[in-house]
Amino acid sequence: MPFPDRMIRPRGLSVVAGLLALAAAQAAPSPLELFAVSDTVRVFEDGYGLPDSPGKEIAVFGLRNETVSAQCVVRATGNAAKLTVTAGPLKQDGNAAQIPAENVSWNFVTGIFVEKNAPNARPADITRPAPARFPDCLSEERQCDIAQGALKAVYLTVRIPAGAAPGDYRGSIAVASGDASAALPVTLKVYPLTLPDQRHIMATEWFSTGQFKKFHGVDSAQSDRYWEILRAYAKNMAEHRQNVFEVSLDPVKSSLATDGKLRFDFADFDRYAQVFWDTGRMSAMETGFVAGRGKGGWASTEITLEDFSVRQESDGRTKRLSGEEFLRQFLPAFVVHLRQKGWLDKTLFHICDEPANHNVMAWRQAAEFIHGCAPELRRIDAIETPHCLDCLEVWVPKLDHLATWQDSFEGARRRGSELWFYTVGIFQGGSLMNKTVDVPLIESRLMHWLNYRYALKGYLHWGYNQWTDDPWNAPGKHLGDGWHVYPKRDGVLDSLRWEQMRNGLQDYECLWLLEDKTRQLQATLSPRAASFIEPGRRGVEIASQVVTSYTEFSRDPEALYAAKRQAIEETLSLDSSPRILLQTDPPEHSVVANGCAIDVRGWAEPGTHLKINGQETPLASDGLFLAMVQPDRKTGVVSVVAENAKARKAFDRRFKLRFQP
């Protein structure tokens, strides 16, 4: 009987063939690669500028009550259809502590098309040359397709509960497409500090309801949906640590009685404002904008008070009143109303946006009129001039002007005014921090390190949702600077810049926690020892590692995270023995002359043995110490060792020598 028509192979050849097939399978690249990159960089789908050393795990740290970000990247070696992502809870080893899955979220990152780079940016200031799609929007899509060889960024957000146990947490993030999959470990270190809910820096993003109909389907400002969308905006702002909101005076209804007196109905104004107060996270309210420019717009030398419309009670007709006539009655009534609502001390009143040298005298006249009618109102404006004198309580210069005219603006602060800053994309000069989508993402975060570095009290920006008709494909001349969020029907989508702005505000609070802990310890010292301590000084020194000056700053994510970790760990160190408050003049990282003396001063708890540059330094009975030492001639370091029966601590303070030996 013949054998069936088949090949008969010797047993040895079959084994060899199997081994060769296995080796080939092992050598074949994985259909999906997953690796970690910093959350502060943009990942382009074509791989442009991708970091040379992608990470093998996501490792992040934060405080209780903080929201931390991470980023990983999927690379497809073949076409990957319907890619999905899974991120579960983060758990501590050996106990039940965990960050629940609902606190761990992810988004695909999508890009917006930029045809030309910002005209005022040097090549060194932009992430890549246009035209290109710049990653920015955090999509809500739950799956996507990736073409062969392309990259897709996945942005991870972890909300650490306020009651989370400190320690190390572990988990993973995984991606899958068909039978292919890849995973990456995630580690989170939670420090035993809690990020305060209270904001210690002012931040405001101006927004508009003018596109509610186009993007949110809102037909009327009186509809329930209008208020639903407004609440969604307020919630999103509060979640991103915005604590100042803007309300127009337009909702105030004004009527003219037959006796010539004006009556004001604040009900709609109050309802609008209450949406933001109800978040529980707002510290101040902006309103006003009662003056405008004359013919020629921004270039006009004229700034005059606007006219106002009122309803005549006698016949219901509308009548126009001059600004002077209207505001003389309105402003005192407004102050009374704000006081009754408990909002007066929280109100910031605008005169006219961006006065400059060519019209500041006209602006000052309008500002003086407002103050004469309502001296209780604190005035604020974004300004392009240093000549506001005593006509402004909150000065908000554009960043390039602040950097250039720093002495003038510091003079205003010394006279009692509050100092903020603002940025405005394509109309900002110099290689300074900015927010167009083509500049490095980390700059949105660094702005609040700059705030702390220079003890500025706030940041103002004009664009929360000033969208073009198609913000993804035709963002217009402002290159995304007009918005930090993207529209969806029931609210907004976050952006990379918006996430990093929140992260920067949280970084500010980490520096503030160090200042606050220092202040608490200072309060326990003798008056003499306390007088030598400046609570905010150490935070400024740490911030200066990242932001050296207005024009010099590091775009290195590792430098930023090292400085943040240092601020956290130095705060915790103030609770452990031997406790010491160490300060120098000049501050650490200053440029000093070779052979100069550094003033080293501070306080150490009783029983501490102190050595500075290896020399015994005596402590007074109240813990005060004072020394004058030279930094090391080669390294510029001043070393301090504090030791008692419980522990030993070592500190280095580094200075930049003017001339290297």
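Here are the numbers for this structure:
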| item | result |
| --- | --- |
| Residue in region 470-488 that is touching a residue at least 60 places away in the same chain (Cβ under 8 Å), closer than 26 Å to Gly167 by Cβ and out of contact with any Ser or Thr (no Cβ under 8 Å at 6 or more places or on another chain) present | no |
| Residue count, region 255-268 (criterion: surrounded by 14 or more Cβ atoms within 10 Å (Cβ to Cβ) and in a strand (DSSP E or B)) | 5 |
| Residue list for region 385-438, filter: part of a strand (DSSP E or B) and open to solvent by 30 Å² or more (accessible area, probe 1.4 Å) | Glu418 |
| Any hit, region 146-169, residues being touching a strand residue (DSSP E or B) at 6+ places or on another chain (Cβ under 7 Å) and free of Cβ contacts under 8 Å to residues at least 40 places away in the same chain | no |
| Options Asp585, Asp575: the member that is open to solvent by 30 Å² or more (accessible area, probe 1.4 Å), in contact with a strand residue (DSSP E or B) (Cβ under 6 Å, 6 or more places away or on another chain) and of a type in the set (Asp, Glu) | Asp585 |
| Any chance Val158 is outside any loop (DSSP other than H, G, I, E, B), out of contact with any Gly (no Cβ under 9 Å at 6 or more places or on another chain) and not charged (D, E, K, R) | no |
| Scope region 619-661; condition outside any strand (DSSP E or B) and open to solvent by less than 100 Å² (accessible area, probe 1.4 Å); matching residues | Leu619, Ala620, Asp622, Gly623, Gln630, Pro631, Asp632, Thr635, Gly636, Asn644, Ala647, Phe655 |
| Qualifying residue in region 152-168 (condition: crowded, with 19+ Cβ neighbours inside 10 Å and basic (Lys, Arg)) | yes |
| Restricting region 496-516 to residues that are closer than 12 Å to Arg241 by Cβ and acidic (Asp, Glu), the residue that is farthest from the chain's Cα centre (by Cα) | Glu509 |
| Which listed residue is touching a Leu at 6+ places or on another chain (Cβ under 8 Å) and either in a helix (DSSP H, G or I) or at pLDDT 95 or above (or both), from Arg231, Arg271, Arg311, Arg320 | Arg311 |
| Which listed residue is open to solvent by less than 10 Å² (accessible area, probe 1.4 Å) and either without any contact (Cβ under 8 Å) to a residue 12 or more places away in the chain or farther than 23 Å from Ile201 by Cα (or both), from Gly316, Gly323, Gly294 | Gly323 |
| Options Asp52, Asp93: the member that is over 29 Å from the mean Cα position of the chain (by Cα), open to solvent by 20 Å² or more (accessible area, probe 1.4 Å) and of a type in the set (Asp, Glu) | Asp93 |
| Residues being in a loop (DSSP other than H, G, I, E, B) and under 26 Å from the mean Cα position of the chain (by Cα) - total across region 197-228 | 11 |
| Single residue of region 275-287 satisfying the filter (open to solvent by less than 10 Å² (accessible area, probe 1.4 Å) and touching a Lys or Arg at 6+ places or on another chain (Cβ under 8 Å)) that is nearest to Asn243 (Cα to Cα) | Ala284 |
| Looking only at region 525-564, and only at residues there that are in contact with a helix residue (DSSP H, G or I) (Cβ under 9 Å, 6 or more places away or on another chain) and among the basic types (Lys, Arg), the one that is nearest to Gln406 (Cα to Cα) | Arg537 |
| Subset of region 70-90 [crowded, with 16+ Cβ neighbours inside 10 Å and either among the hydrophobic types (A, V, I, L, M, F, W, C) or free of Cβ contacts under 8 Å to residues at least 60 places away in the same chain (or both)] | Ala70, Cys72, Val73, Val74, Ala76, Ala80, Leu83, Val85, Ala87, Leu90 |
| Residue match in region 347-358 (condition: part of a helix (DSSP H, G or I) and surrounded by fewer than 21 Cβ atoms within 10 Å (Cβ to Cβ)) | no |
| Count - residues of region 134-152 that are within 18 Å of Pro31 (Cβ to Cβ) and not in a loop (DSSP other than H, G, I, E, B) | 5 |
| Flag if Ala130 is part of a loop (DSSP other than H, G, I, E, B) and hydrophobic (A, V, I, L, M, F, W, C) | yes |
| Top-ranked residue in region 288-307 [being within 14 Å of Phe330 (Cα to Cα) and charged (D, E, K, R); ranked as farthest from the chain's Cα centre (by Cα)] | Asp307 |
| Odd one out for Tyr48 among (1) out of contact with any Ser or Thr (no Cβ under 7 Å at 6 or more places or on another chain); (2) outside any loop (DSSP other than H, G, I, E, B) | (2) |
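For every residue, the table says whether it meets (1) of a type in the set (Gly, Ala, Ser); (2) exposed (fewer than 10 other Cβ atoms within 10 Å of the Cβ); (3) at pLDDT below 95; (4) not in a loop (DSSP other than H, G, I, E, B).
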| site | (1), (2), (3), (4) |
| --- | --- |
| Gly12 | yes, yes, yes, yes |
| Ala17 | yes, no, yes, yes |
| Glu33 | no, no, no, yes |
| Val60 | no, no, no, yes |
| Val68 | no, no, no, yes |
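The values are calculated or read from the model by the stated rules, or taken from the named source; none is laboratory data. Model, not experiment: these values are computed from the prediction. With ideal geometry, Cβ positions are generated from the backbone for all residues, glycine too; neighbour counts draw on all protein chains shown. Calculation scope for accessible area: heavy atoms of the full protein, side chains included, ligands and nucleic acids excluded. Shrake-Rupley method; radii C 1.70, N 1.55, O 1.52, S 1.80 Å.
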